[in-house]
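Below: one structure, written as structure tokens.
The values are calculated or read from the model by the stated rules, or taken from the named source; none is laboratory data. Keep in mind it's a predicted model, so treat the numbers as computed, not measured. Positions of Cβ are generated from backbone atoms using ideal geometry, with glycine treated the same way; all protein chains shown enter the neighbour counts.
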Amino acid sequence: MATVSQWVAGARPRTLPNSVVPVAVGTGLAFGLGAAVWWKALLALVVAVALQVGVNYANDYSDGVRGTDENRVGPLRLTASRLAEPRHVFAAAWLCFGVAAVVGLVLVAVSSWWLLLVGAVAIAAAWFYTGGRNPYGYRALGEVSVFVFFGLVAVAGTVFVQAGSVPWRGWTAAVAVGLLSCSMLVVNNVRDLPTDVVTGKRTLAVVLGDRRARLLFAGCVAGAFVAALATAVGAWWVLLVLLSAPLAVRPCARVLRGETGPDLIRGLGETGRLQTAFGVLFALGLALG
């Protein structure tokens with residue numbers, strides 16, 4: 001039986017980006033527009049975090065019952081390690097999705113009905129990432145999903161529920177956050193590439209191969225800063241985000257020089273710290289701008 005600490009560890013975002021960052025960036029822009037509504041921002045945060053925790057449990061369950069986590073290099077998984085019953089992990093995932101759905105309905109009621117469709121698609125995407133008979137995460141589409149839901153939808157949706165519309169700067173900010181979110185998944189999949197090949201899990205890293213996947217990681221990080229600079233046009237405070245650039249050096253160097261296994265676990269942590277610093281500075285710049 002898993003302990004409380006092990007259940008909490010299972011909920012931590014390891015393979016997916018920080019769900020707080022897109023909500024913070026979207027709220028920063030809404031504040032800069034003079035349209036921030038803090039209780040709506042808080043509800044958006046609850047939805048984002050519940051979806052992220054839910055997808056972590058869902059991935060734990062689905063990969064565990066398929067056996068693709070048997071020889072995993074990364075952190076502990078509840079199902080594969082048999083610390084928890086698969087049905088309990090399954091229930092935890094859907095409990096989180098239920099929380100996201102209920103809180104999301106409140107945002108739908110105070111904004112627009114079409115967000116109901118967006119929410120339904122987001123929950124379906126969270127489950128079918130590794131769940132179902134043909135999970136798209138096993139078809140090299142994981143990075144696309146992360147870019148869409150942890151970038152475009154999360155940032156633009158946070159702006160929309162507060163401001164009622166999304167200006168062009170909201171979309172460039174969403175691209176920046178989405179690309180940096182993708183970098184988290186890319187480094188994770190590069191780390192797991194050897195075992196994914198054996199188990200038949202066709203991530204984008206498997207399709208591209210080791211070297212090109214590593215270049216993709218660096219491209220996502222660089223692209224995030226380029227998109228942030230585009231967002232800074234006419235809002236120069238956004239340039240504060242460049243203060244996070246030194247944090248990109250170590251993970252990029254680690255990935256590009258071909259480190260593997262546990263070394264890439266450290267790279268994943270470094271990328272997470274970059275994403276957090278980037279998000280805080282970006283949100284602050286948008287608020288001031």
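Looking at the stretch 108-123 only, could you name the residues that are aromatic (Phe, Trp, Tyr) and part of a loop (DSSP other than H, G, I, E, B)?
First pass over the stretch 108-123, keeping only residues aromatic (Phe, Trp, Tyr): 113-114.
Selection gives Trp113 alone.
Among the residues of the stretch 88-136, write down those that are touching a Ser or Thr at 6+ places or on another chain (Cβ under 7 Å), of a type in the set (A, V, I, L, M, F, W, C) and within 20 Å of Leu152 (Cβ to Cβ). Across the stretch 88-136, the qualifying residue is only Ala125. With the structure loaded, tell me whether Ala126 is buried (at least 20 other Cβ atoms within 10 Å of the Cβ), within 21 Å of the chain's Cα centre (by Cα), in a helix (DSSP H, G or I) and modelled with pLDDT of 95 or more or whether it fails that test. No.
Condition check ((1) at pLDDT 75 or above; (2) in a helix (DSSP H, G or I); (3) over 23 Å from Leu193 (Cβ atoms)) across all residues:
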position: Val47; (1), (2), (3): yes, yes, yes
position: Asp63; (1), (2), (3): yes, yes, no
position: Leu76; (1), (2), (3): no, no, no
position: Arg82; (1), (2), (3): no, no, yes
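The number of residues in the stretch 130-189 that are closer than 19 Å to Gly26 by Cβ and part of a helix (DSSP H, G or I) comes to 35. The sole residue among Ala232, Ala248 that is at pLDDT 95 or above and either small (Gly, Ala, Ser) or in contact with a strand residue (DSSP E or B) (Cβ under 6 Å, 6 or more places away or on another chain) (or both) is Ala248.
If you go through the stretch 252-264, how many residues are farther than 10 Å from Asp192 by Cα and in contact (Cβ under 8 Å) with a residue 60 or more places away in the chain? Give the steps one after another, and end with the answer.
From the stretch 252-264, those farther than 10 Å from Asp192 by Cα are 252-259, 262-263; that's our starting set.
Filter once more, so that each one left must be in contact (Cβ under 8 Å) with a residue 60 or more places away in the chain: 255, 262.
So the count comes out to 2.
Can Ala253 be described as modelled with pLDDT of 95 or more and either under 19 Å from Gly151 (Cα atoms) or within 18 Å of the chain's Cα centre (by Cα) (or both)? It is false that Ala253 is modelled with pLDDT of 95 or more and either under 19 Å from Gly151 (Cα atoms) or within 18 Å of the chain's Cα centre (by Cα) (or both).
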